[in-house]
Every structure is written in structure tokens, then in C-alpha cells.
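Student: The structure follows.
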Amino acid sequence: MHTIEQLKSGQLKGIKRVQIAEGLTQFPQEIFSLADSLEVLDLSGNKLSELPDNLSDLHQLKILFLTENCFESVPLVLAQCPKLEMISFKSNNLTQLPEKALPDNTRWLILTDNKLASLPEDMGRLHRLQKLALAGNKLTCLPEGMAKCTNLELARLSANDFDSLPDWLFQLPRLSWLAVDGSPLISQQDSTAEAGVELISMPRVGLDDIELQEVIGQGASGVIYRAKWVNQPLELMTTPVYIAVKIFKGEVTSDGYPKDELANCLQAGQHSNLIKVVAELKQADKTGLVMELIPSHYQNLGLPPSLETCTRDTFANESVFELKAILLILKQMASGLAHLHQNQISHGDIYAHNTMFNTHAEILFGDFGAATNLSQLPMQQREAMEAIEVRALGCLIEDLVEHCLQNPMQVNQVMLTELLQLKEACLQPSLGLRPRFKEVHVLLQQMSEQLDSEACLSA
């Protein structure tokens, strides 16, 4: 974090990233003295409502964060910024996104938690758009022009006012992470019964029943605490006293409504590779989930995307696995995802950073913040949603092979080739040609068994 005093005194000369949050009501003119170096400008948490007409003088600017300000319309001057590609107006008062307001090079656009009722038809000219966050607005439809956004990979459309979604959305060739829950087209109470999916009944507890301890995780929708039971429900007396508690943050998150995450967790049911939910937390001002505590020897498979990688996870240098372990991880993931889609739930956030693993390559994954109840989507869109998520699994295969495979030149090349062929099938631009999760699971099971068999023969 920087200060206005540092900016005015010249201490920030030559800097590439500036972050100032001091209740500013006007754009600091001194920022233009950094025009030759400034690439990232973060003025989140101020009271700005307009930008200067000469903003494009910041000719190196690539990333602009204006989260939690007072903008009612996206300023037209943005389109003139030659290198600007990532823009955030999250949690403003936006009611308008004018035509031609966004730069052609826009790659990552965050408009979460505003009051937008429509999008401009010229969204289709954003040919580089990969990541689009629109949860928590008042959108009722998407412009047909967006069908031209063929590089779109991640879209958060939850918590809007859609009564239907266009078929072209589900046919975008690179779309891999899609969330659409929390609109009138999704009605949890009606749809689950129609689909023949039985919701699991959970005990309800309050904060008085739990002793919260240290924070062990945090995401878009909430904070996760290590905790222990003070008043353990009778039906949970056989479960461990130490638990994990996720308390949701607020009304709407970058993924959607917390209440939908809760409902989707219940509908997801139980699977050996899903983090087990054991109770629902209900308090006057707090809602959350009580989950089994993941053993301490589990660790994250990956790290979240960076500003540079946009939609793709990053990995620590020490994240190295044998081919056998990678196949086992992927096989479990495919099994869990097949289970979810069987229960009419899409995950929406299939990433290594949402996956925990142990030394035996056994995995657990959860985080249903971006999940969607598929029950009231038309059958064609339900099937397309599975194909979209299969592509996300293909991205995970690609990431693990590219970043984590130990001694790639020394592994079983036949098996590696088969895995890469499966990856290509999952990434196939035509959704109808992608395999289903059950097929992917069978193929990975066969690869694992063949690798074990060949290892035994060579031993």
C-alpha cells in the first residue's frame, strides 16, 4: 500500500505498481508523473466517480483496479488506453456500461456486485476476453454479439435476473469454468424434486455450539476456521470433535449467493473425494457450513491463477509428481465430477488450487461457491455444462503434465502419449466430441492399471 504523500514527494518514481486507498474523491494528477513505468494501478476502496479524460497518457497501464468506489457508469476514456487489458469495477454503483467504453484488448473484466441491467452489443469485439465476472447484477439477457467472444474461458453469471440463458453461451469453444446459479431460471426447491435428486438432510447448529479457532483458509465466499464442538449434535457424536467451519462473507460474492453454495453442497451428496459437510450453520447474522477437518498432512495441489496466467493455475517449484500419481489424482477427480453431474451439480471451479492431496496422491476437493444446480436448465444445456467442465479437467491434465511431471523424458512414453491424447479429447473445440466424465474415469482407470502392470513386469 502506498500513500498520497509518497506520490507527491516523488518517492514512487519509476514504480510499476501503485496502490492507494485514502478515501480519494478525485483522481490524483501526480499519477501521470509515473506514465513511463506504471503498469498496475489499484485505487480500490476510495470514493472516485470519474476518471480524467487523459487517462490514456498512462501508456504502459495494463491493469486497473477500481473496486469499491462510486462509479455509476464505466468511463469511455478506458477504451483509449493502449495496453489496458484487466479492469475491475467490482462493488461500485454501476448502472451503465456504454458502447465502446472498453478497450479492444480487454482480457479480464470484473463487474461483480453492481446494478447493471444490460450489456452493450459491442461486447463481441472483445476478441481477447478470457475472464468475465458479472455475478451480483440485474442482467436479464446477454447480447447476441457475445457469441463472438470465442476466447472466453471463465464466466461468472450467478446472482442475476436471467429467466433463460442462450444456447450459444454453452457452445463457446474455450469456455471451461461457468457459474449461472442464483437467477429465476434456477429454483432449488422445485428443480431437485423434478430431477429425482434427493437433498441430504443436515443438522442445524449455531455459533454457541462451536468454538472457533484459527483461520485455516479463505476464498471468494467465506472464511474457513479450525474449530471444535462445544455442543455436539447427537447424530454427530460418532464424528471427530475437531471440525472446519466456513462462515460466508456476505450477500453476494464473486461467485454468487452464499445460500446457493449451501444448497449445492447439500445436493452434491457424499463421495470419497469430496470434502464432507456434516452440518449447516445458522445464526441471525451468520450462515455457513460445518465440515470434516482435512488432516494436516494434506496440502494444496496448486496455487490460484496470477494476473499473468489469468485463468490458469500456478504451481510451486516443489510440486513434482510421478506419472502414476498424476493418473491417480486425475482418476479420482473424474470420479468425483461424474458423481456431481449425476446429482445435477456442476462444480464451476475445477482447479488444482481447490484440490487437496496427501503423500499417497489421495485427493479431496470442495468449494462449491461457483457450483450450479443444473436441474432447471434444458437438457441440451445440462449436457453442454458437463462438456464445459470436461474441458476444465483437460486444462488440469495439461497443467499437471506441463508443470508437475517428474522426469518427463524418462516416464512411460506410451502412457504419457495416451494421457496427452485424452487431454486433447477433453479440449476438443466441438463440445459434442468431448468424452463424458464417466468415460474419462474409465480411461484413466485403464491407464493406471496398465502402468501398474508394466511396473510389476519390469520389477
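The values are calculated or read from the model by the stated rules, or taken from the named source; none is laboratory data. From a predicted model like this one, the values you see are computed outputs, not experimental measurements. Every residue, glycine as well, gets a Cβ built from its backbone with ideal geometry; the counts of neighbours run over all protein chains shown.
Student: Looking only at the range 15-35, decide whether some residue is part of a loop (DSSP other than H, G, I, E, B), of a type in the set (D, E, K, R) and in contact with a strand residue (DSSP E or B) (Cβ under 6 Å, 6 or more places away or on another chain).
Tutor: For the range 15-35, residues part of a loop (DSSP other than H, G, I, E, B), of a type in the set (D, E, K, R) and in contact with a strand residue (DSSP E or B) (Cβ under 6 Å, 6 or more places away or on another chain): absent.
Student: From E398, E362, which residue is surrounded by fewer than 19 Cβ atoms within 10 Å (Cβ to Cβ) and over 19 Å from the mean Cα position of the chain (by Cα)?
Tutor: E362
Student: Has the range 296-307 got at least one residue that is assigned by the TED database to the domain that holds A392, part of a helix (DSSP H, G or I) and more than 20 Å from M356 (Cα to Cα)?
Tutor: Scanning the range 296-307, I find no residue that is assigned by the TED database to the domain that holds A392, part of a helix (DSSP H, G or I) and more than 20 Å from M356 (Cα to Cα), so the answer is no.
Student: Condition (residue is at pLDDT 95 or above, of a type in the set (S, T, Y) and within 21 Å of L169 (Cα to Cα)) applied to the range 110-125: is it met by at least one residue?
Tutor: The answer is yes; a qualifying residue exists.
Student: Given the conditions (1) more than 25 Å from V180 (Cα to Cα); (2) small (G, A, S); (3) within 23 Å of the chain's Cα centre (by Cα), which single one is not true for A79?
Tutor: (3)
So that you can scan it fast, the table gives a plain yes or no per residue for (1) closer than 16 Å to C81 by Cβ; (2) without any contact (Cβ under 8 Å) to a residue 12 or more places away in the chain; (3) surrounded by 15 or more Cβ atoms within 10 Å (Cβ to Cβ):
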site	(1), (2), (3)
G14	no, no, no
P28	no, no, yes
A35	yes, no, no
E39	yes, no, yes
L43	yes, no, yes
N46	no, no, yes
S49	no, no, yes
N54	yes, no, no
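Student: For the range 118-159, how many residues meet the condition of being closer than 22 Å to M86 by Cβ and without any contact (Cβ under 8 Å) to a residue 60 or more places away in the chain?
Tutor: 25
Student: Then there is this: Can you tell me which of (1) surrounded by 22 or more Cβ atoms within 10 Å (Cβ to Cβ); (2) outside any loop (DSSP other than H, G, I, E, B); (3) charged (D, E, K, R) is the one D113 doesn't meet?
Tutor: (2)
Student: Given the conditions (1) assigned to a loop (DSSP other than H, G, I, E, B); (2) modelled with pLDDT of 95 or more, which single one is not true for P184?
Tutor: All conditions are met except number (2).
Student: Among the residues in the range 320-336, are any of a type in the set (F, W, Y) and in contact with a Gly (Cβ under 7 Å, 6 or more places away or on another chain)?
Tutor: no
Student: Step by step: first the residues of the range 429-459, then only those that are in contact (Cβ under 8 Å) with a residue 24 or more places away in the chain and not in a helix (DSSP H, G or I), then the one that is surrounded by the most Cβ atoms within 10 Å (Cβ to Cβ). Which residue is that?
Tutor: Top of the filtered list is R434.
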